[in-house]
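Novice: Dropping a structure here in structure tokens format, bear with me for questions.
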Amino acid sequence: MEQTFIMIKPDGVQRGLVGDIISRFEKKGFSLKGLKLMGVERAFAEKHYEDLSAKPFFNGLVEYIISGPVIAMVWEGKNVVVTGRKIIGATNPSDSAPGTIRGDYAIEIGRNVIHGSDSVESAKKEIALWFPDGTVGWQSSLHPWIYE
Ligand code: DAT
Ligand code: MG
């Protein structure tokens, strides 16, 4: 089954949005396979965002990610990468639809509360980076009530 990497950024943790965000993924029917609260070191944040290292906002982005603890998660389910991005909303909260996490809770692109992998390939890379010891293999007993 497909997995994605979701991270609640330091602003989401500080603002007390952790429970609501987890709840949105849970209520959708996705399964939580990994979860931890952690502080991120600069080199680790730079590695996570290495594809953006040439962008003018890269240093600010890294400063933001290391500014407080984050919640790192692995969520599993059918099409969870693309659907997870829809639940999160557009990168710039000015463009994120109401009802999405960024649409409901964020105003600025540099404080957009949450990260989600943008492809199955980057999800695999990000899960390997953030959960080097692996995740938990379990299946919800609700599975037959969510999937036909
Ligand atoms: P996303 O987080 O939606 O996958 P991304 O991977 O293009 O977006 O960029 C990663 C983060 O970098 C994004 O969540 C916020 C920040 N960012 C992106 N574009 C930016 C810009 N033009 N100015 C400032 N920050 C930006
Ligand atoms: Mg991205």
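Novice: Express in nm, to one decimal, how much length is gained between Phe58 and Asp95 on full extension, taking 0.36 nm for each residue of separation and deducting their alpha carbon distance.
Specialist: Going from the current span to full extension adds 11.2 nm.
Novice: Let me check the size of the chain from its C-alpha atoms; what are the radius of gyration and Dmax in Å?
Specialist: When restricted to Cα atoms, the chain yields Rg and Dmax of 14.8, 47 Å.
Novice: To continue, here is another question. When only the heavy atoms of the protein chains count and the probe is 1.4 Å, how do Trp145, Trp75 rank by accessible area, highest first?
Specialist: On the way: Trp145 215, Trp75 0 Å².
Solvent-accessible surface, decreasing: Trp145, Trp75.
Novice: Would you mind getting me the FRET efficiency between Glu50 and Val120? Use the beta-carbon distance for r and R0 = 25 Å, nearest 0.05. Display every interim value, and only then the final one.
Specialist: Numbers: r = 18 Å, r/R0 = 0.73.
FRET efficiency, Glu50 to Val120: 0.85.
Novice: So how far apart, in nm, are the two label points at Thr135 and Glu41 if each is 7 Å from Cα heading toward Cβ?
Specialist: About 2.5 nm separates the two model spin labels.
Novice: Note down the accessible area of Asp20, probe 1.4 Å, to the nearest 10 Å².
Specialist: 60 Å²
Novice: I would also like to ask the following. How far is helix 120-130 tilted off the main Cα axis of the chain, in degrees rounded to 10, range 0 to 90?
Specialist: Tilt of helix 120-130: around 70 degrees.
Novice: To the nearest 20 debye, what is the magnitude of the charge dipole of the stretch 91-144 about its Cα centre, counting +1 on the Cβ of each Lys and Arg and -1 on the Cβ of each Asp and Glu?
Specialist: My answer is approximately 60 debye.
Novice: Go ahead and run the numbers for FRET between Val82 and Ile107, Cβ-Cβ distance against an R0 of 25 Å, rounding to 0.05.
Specialist: 0.50
Novice: Of the accessible area of the chain, with the probe set at 1.4 angstrom, what percent is carbon plus sulfur?
Specialist: 53 percent
Novice: As I understand it, the value is the acute angle between the Cα axis of helix 18-28 and the longest principal axis of the Cα atoms of the chain; what does it come to in degrees, rounded to 10?
Specialist: Approximately 40 degrees, to the nearest 10.
The values are calculated or read from the model by the stated rules, or taken from the named source; none is laboratory data. Please read these numbers as outputs of a predicted model, since none were measured by experiment. Note that each Cβ is placed from the backbone with ideal geometry, even for glycine, and that neighbours are counted across all protein chains shown. Surface accessibility is based on the protein's heavy atoms, side chains included, excluding ligands, DNA and RNA. Shrake-Rupley method; radii C 1.70, N 1.55, O 1.52, S 1.80 Å.
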